[in-house]
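Engineer: Supplied in structure tokens, the structure appears directly below.
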Amino acid sequence: MVDIKLDSPTKYANHLEELRNLYCDLTEEIKKEESEKLAIFKEMDIVANRLAQIERELQSMETNSNNIDVIIKEISKGYTKIEASTYSLYMLASRQLKMLKRKFPL
């Protein structure tokens, strides 16, 4: 704080004026800081909302990815079964052809 040693009313008036100026400067600085604080809080809200939106989108994408993975596995199982059935039918047809060739030679 300012050392107060006042000898005359003029010095007192000057000192009082300095204190008023200091008070005004501090008030302005406080207003600027409060304004900056509000701007930062507003920015934080925007960032928090964007983060929440990104998290929802990411969760949706992960769900879709998991669903697609399940579908791919099911299709792969189905393909394997079809492949096995096709091979069995081929072997059956091959045996039948051999049997028919023995029964009805050319």
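Values in this text are rule-based calculations from the coordinates and carry no lab data. Keep in mind that this is a model prediction, so the values were computed, not measured. Methodologically, a virtual Cβ is constructed for each residue, glycine included, from the backbone with ideal geometry; neighbour enumeration extends over all protein chains shown.
Engineer: Within straight cross-link reach of Lys103, meaning Cα distance under 17 Å, which lysines are found once same-chain residues fewer than 8 apart are removed?
Structural biologist: Cα-Cα hits under 17 Å: none found.
Engineer: Tell me, what HN-Hα J-couplings in whole Hz come from the Karplus equation 6.51 cos²θ - 1.76 cosθ + 1.60 at θ = phi - 60° for each residue of the range 53-65, using x for Gly and Pro?
Structural biologist: Running phi through 6.51 cos²θ - 1.76 cosθ + 1.60 with θ = phi - 60° gives 5, 5, 5, 5, 5, 5, 4, 4, 5, 5, 4, 4, 4 Hz.
Engineer: Sticking with this structure for a sec: Please name which of Val47, Leu26, Asn64 has its Cα lying farthest along the dipole of the chain towards the positive end, using unit charges on Cβ (Lys, Arg +1; Asp, Glu -1) and the Cα centre as origin.
Structural biologist: Value computed over the given set: Asn64.
Engineer: Which of Ile75, Leu100, Tyr90 sits farthest toward the positive end of the charge dipole of the chain, with +1 on the Cβ of Lys and Arg and -1 on the Cβ of Asp and Glu?
Structural biologist: Most positive-ward Cα: Leu100.
Engineer: In bins 5 Å wide, starting from 0, what share of all Cα pairs of the range 8-77 does each bin hold, as a percent?
Structural biologist: For the range 8-77, the pair-distance distribution reads 3, 13, 8, 10, 7, 7, 7, 6, 7, 5, 5, 4, 4, 3, 3, 2, 2, 1, 1, 0, 0.
Engineer: Compute, for the chain, the length of the dipole vector about the Cα centre, with Cβ point charges of +1 (Lys, Arg) and -1 (Asp, Glu) only. Units Debye, rounded to 20.
Structural biologist: Value, rounded to 20: 2420 debye.
Engineer: Mind checking which lysines have their C-alpha under 22 Å from Lys32, skipping anything on the same chain fewer than 8 residues away?
Structural biologist: By straight Cα distance, Lys32 reaches Lys42.
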